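The values are calculated or read from the model by the stated rules, or taken from the named source; none is laboratory data. Keep in mind it's a predicted model, so treat the numbers as computed, not measured. Here Cβ is always computed from backbone atoms with ideal geometry, including for glycine, and neighbour counts include all displayed protein chains.
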Amino acid sequence: MSGFGSAFGGGFGGGGWDDPLDGAGDSGGGGGKDYGPRKFWMPAQATKRVMFVDGSPFSLYEHGLYAINKSKDNVTCLKKNGLDDGKGCPLCEAEVWPSFVGYFTVIDCGDVTRRPDGSVKLSGFTGKTGKVYQFQKSLLGAKRGGKDKPGVLQKLRRLAGKHGDSLAGTVWDVYRSGAKVESVGDEWEFVEKVKPSEYASYLAGLGAQGDIDLKPFDYAKVFEPKGYDALKRLVGDRVKPADDDLDY
């Protein structure tokens, strides 16, 4: 899409914690599989340990597609991110409102179980083939929310302020208290902060084996927007707005 590279450098995704354009409110959104990288997610009442690779978020407005196709996929908003070349955004026109979301690269260290003596056991997920998935690089998306219903992104910003205004290298035990809160968890307990030069050795000490990719995702590639015509086809003949508030 023309203008994507220049928009990225001048604003799109470059605002960190804040909206680089106008700070307007948001609604809707959810997880997505079209972006490629594994997205961090946890079931209700679960606790996971995560380590942040980058210090501040790649932030953007994106549309949840539940109202369109009942999926949890997302697409980048053209209008709110300043990428519409004056054409607007078909999803905004269809009143499928975007959310402001901040994304981080994290290492999902696994599920946390506390032993009677207070020590912690970390365990991964065993797939159907018997392979254990743990210490995976993942994309953690946190919504900003609003004044009346602040999202996890606002919480993470406050927590970053306690650690030099950067989450890079911070390790957290995060708990998801229920199914109606954000799927990245809502209760964050600080564990420790690791120096970038010690990321690999720290993870190895927790049980990670082999090389782990510790570079942040290429966000410009991950969130490259679809063109206006592609989004128009996605919307189709939809006229009456449906409930797209798939928050969790």
Which one is farthest from the chain's Cα centre (by Cα), of the residues in region 175-201 that are assigned to a loop (DSSP other than H, G, I, E, B) and surrounded by 15 or more Cβ atoms within 10 Å (Cβ to Cβ)? 194
With the checklist (1) touching a helix residue (DSSP H, G or I) at 6+ places or on another chain (Cβ under 8 Å); (2) on the phi < 0 side of the Ramachandran plot; (3) modelled with pLDDT under 95 in hand, flag the one item residue 146 doesn't pass. (1)
Out of the residues in region 69-97 meeting the condition of being assigned to a loop (DSSP other than H, G, I, E, B) and closer than 25 Å to residue 44 by Cα, tell me which one is farthest from the chain's Cα centre (by Cα). 70
Those residues of region 127-167 which are within 26 Å of residue 74 (Cα to Cα), of a type outside the set (D, E, K, R), buried (at least 17 other Cβ atoms within 10 Å of the Cβ) and in contact (Cβ under 8 Å) with a residue 40 or more places away in the chain, in sequence order: 134, 135, 136, 138, 139, 140, 141, 142, 145, 153, 156, 167
Which of (1) polar (S, T, N, Q); (2) under 22 Å from residue 149 (Cβ atoms); (3) more than 20 Å from the chain's Cα centre (by Cα) is the odd one out, the single condition residue 113 does not satisfy? (2)
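Got at least one residue in region 107-119 being exposed (fewer than 13 other Cβ atoms within 10 Å of the Cβ) and within 25 Å of residue 38 (Cα to Cα)? I'd like the intermediate steps shown before the answer.
Our first condition is that a residue be exposed (fewer than 13 other Cβ atoms within 10 Å of the Cβ); within region 107-119, this holds for 113-119.
From what's left, within 25 Å of residue 38 (Cα to Cα): 113.
Among the residues of region 107-119, at least one is exposed (fewer than 13 other Cβ atoms within 10 Å of the Cβ) and within 25 Å of residue 38 (Cα to Cα), which makes the answer yes.
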